[in-house]
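Read the structure below first, then the notes.
The values are calculated or read from the model by the stated rules, or taken from the named source; none is laboratory data. Computed from a predicted structure; not experimentally measured. Glycine also receives a Cβ, built like all others from the backbone with ideal geometry; neighbour counts cover every protein chain displayed. Heads up: the accessible areas ignore ligands, DNA and RNA and are worked out on the full protein's heavy atoms, side chains in. Shrake-Rupley method; radii C 1.70, N 1.55, O 1.52, S 1.80 Å.
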Amino acid sequence: MPTYLITGDDERLISAQLTELVDQLVGDADRSSVYESYDFADVQADDRDAAVAQVVNAAQTQSLFADFRVVVARHVEVTPLDTGPLVSYLKAPADQCHLVLTARGRVPKALTDALKKAGTAMFETTPPSKRRELVEWYKAKFVEAGLKIDAVALEE
C-alpha cells in the first residue's frame, strides 16, 4: 500500500491535510482497529530510536480486525532522529499498511530519497508566495469548504 508525506510551514494546514487523508484511508473501517499514530516531537531525544522502531513495527504488523492499517508518524523532521529504519522499511513497504509521515520543515535527505523511490504521494500544504497563485489557492480552498466569496473580495 502507498506511503504519504505531508509537509508545510503551518501546523494547522498540515493537520487539516492529515485529517482529510486519514479519513479517506480509514473509510468505513473501525478506526480503533486500523489506526496508529506517533509523534516524534513528543518523544525525548533519547527515546526517538525506540519510537522509530515502534513506527516500523506498527507498519509491518497486520491488523487483527482488518486487512489494512494506517500508521501516522508526525514530525519526521525533528533532530536528532535516526531515519535509517524508516529508509530500510521503504525499500520493501508492507502491503497491508498505509504509512503517512508529516514534517514541518526539512525532511532528512536519506528519508526524502527513500520516499521518492517508494513512489510516495507528496502533499505540500504551504500556500504559494506569488500573489496570483495565492489568490487561486484561496479560491480553491473556499470551493473545497463549500463557501462562496465575491471575486472582488479576493482581489483586494
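Structure notes:
- Count of segment 93-144 residues which are among the hydrophobic types (A, V, I, L, M, F, W, C) and at pLDDT below 85: 6
- Qualifying helices (runs of 4 or more DSSP H) (wholly inside segment 85-156; at least 3 residues being open to solvent by 50 Å² or more (accessible area, probe 1.4 Å), over 30 Å from N57 (Cα atoms) and out of contact with any Cys (no Cβ under 7 Å at 6 or more places or on another chain)): 131-144, 151-155
- For segment 71-83, residues that are at pLDDT 90 or above, farther than 14 Å from V100 by Cα and open to solvent by 30 Å² or more (accessible area, probe 1.4 Å) total 1.
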